[in-house]
Amino acid sequence: FLLMHDYWDGFIMDGSKDHIKGIVDSSLYWKHNLKAICAFITKENINELLKQSGFPEDTGLLSIDVDGNDYWIWNEIECINPRIVICEYNPIFGEKSCISVPYKEDFYRTQAHYSNLYWGASLGAYVSLAKQKGYRLVCTNQMAHNAFFVRNDVGESLKEVPAVQAYKIPKYRESRNEKGELTYLNQKEGIELIKEMPVINVLNGQRITIKEVL
């Protein structure tokens, strides 16, 4: 929207060559100042990759959605200080926990657990990290998987919202079985499926299992 209607510059990174090709082949690529590169993003390479954008430290917006190491990647970013940060959080982790999947450089959610439910971090984990970085949570989307953070020195009219208030129970049901087929589990059923999987309490670094938190 910002690219098309307000003529912002854009920079996209994605691990799929087909996705990047689709963007490069679209009219968006020649109509606007958009750059797209194929890269598997890790906390080790995120800053060097972002520097390729040429964007200044005071960047307008950063969206993080890698279905896995999102928390650890935002934690590592230091070359830019965006005014707005959008993070995809895992709503199955609930409204009170501050947890993330452990960092694994080649994390891929389908390989990590066949259900596709074991990935990312909780909303509370992002709120904790955002405060450390000088941001506040202002809202989440209706689909209940994207959180919007605003840097504390901008957008004074946008008030901070507590995680427990911004959290919504997800309506979508994306669980899979071992064959990769949709099983349409609700949140409670999904938690039961991955309850033995390890997570990190980001407040103290403790490694625990999901059943110990939820």
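Here are some notes:
- Within segment 134-145, the only residue that satisfies the criterion of being out of contact with any strand residue (DSSP E or B) (no Cβ under 9 Å at 6 or more places or on another chain), hydrophobic (A, V, I, L, M, F, W, C) and open to solvent by 20 Å² or more (accessible area, probe 1.4 Å) is 143.
- A search for C-beta distances below 6 Å between a residue of segment 52-66 that is farther than 15 Å from residue 83 by Cβ and any residue that is among the aliphatic types (A, V, I, L, M) and surrounded by 15 or more Cβ atoms within 10 Å (Cβ to Cβ), counting only pairs 6+ apart in sequence or on different chains, returns 66/41.
- Of all the listed residues (65, 70), the sole one being of a type outside the set (S, T, N, Q) and either open to solvent by 20 Å² or more (accessible area, probe 1.4 Å) or touching a Lys or Arg at 6+ places or on another chain (Cβ under 8 Å) (or both) is 65.
- Only one entry in 101, 127 is at pLDDT 95 or above, open to solvent by less than 10 Å² (accessible area, probe 1.4 Å) and at negative phi, namely 101.
- Residues of segment 122-145 that are farther than 15 Å from residue 169 by Cβ and part of a strand (DSSP E or B): 135, 136, 137, 138, 139.
- Residue list for segment 24-38, restricted to those being open to solvent by 40 Å² or more (accessible area, probe 1.4 Å) and in contact with a strand residue (DSSP E or B) (Cβ under 9 Å, 6 or more places away or on another chain): 24, 28, 29, 33, 35, 38
- Condition check for residue 78 on (1) open to solvent by 10 Å² or more (accessible area, probe 1.4 Å); (2) without any contact (Cβ under 8 Å) to a residue 40 or more places away in the chain; (3) under 17 Å from residue 205 (Cα atoms): one failure, at (3).
- Within segment 159-186, the set of residues being buried (at least 16 other Cβ atoms within 10 Å of the Cβ), hydrophobic (A, V, I, L, M, F, W, C) and in a loop (DSSP other than H, G, I, E, B) comprises 161, 185.
- Within segment 39-53, one or more residues are among the basic types (Lys, Arg), touching a helix residue (DSSP H, G or I) at 6+ places or on another chain (Cβ under 8 Å) and open to solvent by 20 Å² or more (accessible area, probe 1.4 Å).
- Given (1) touching a helix residue (DSSP H, G or I) at 6+ places or on another chain (Cβ under 8 Å); (2) within 24 Å of residue 62 (Cβ to Cβ); (3) open to solvent by 20 Å² or more (accessible area, probe 1.4 Å), index of the condition residue 148 fails: (1)
- Hits in segment 1-23 (condition: surrounded by 15 or more Cβ atoms within 10 Å (Cβ to Cβ) and either part of a loop (DSSP other than H, G, I, E, B) or of a type in the set (Val, Ile, Thr) (or both)): 9, 12, 20, 23
- Pairs where the first residue, in segment 197-214, is touching a residue at least 60 places away in the same chain (Cβ under 8 Å) and surrounded by fewer than 16 Cβ atoms within 10 Å (Cβ to Cβ) and the second is part of a loop (DSSP other than H, G, I, E, B) and of a type outside the set (Ser, Thr, Tyr), C-beta under 8 Å, 6+ apart: 198/101; 198/102; 203/98; 207/102
The values are calculated or read from the model by the stated rules, or taken from the named source; none is laboratory data. As the structure is a computational prediction, the values presented were derived from the model and not from experiment. With ideal geometry, Cβ positions are generated from the backbone for all residues, glycine too; neighbour counts draw on all protein chains shown. The accessibility values were calculated without ligands, DNA or RNA, using every heavy atom of the protein model including side chains. Shrake-Rupley method; radii C 1.70, N 1.55, O 1.52, S 1.80 Å.
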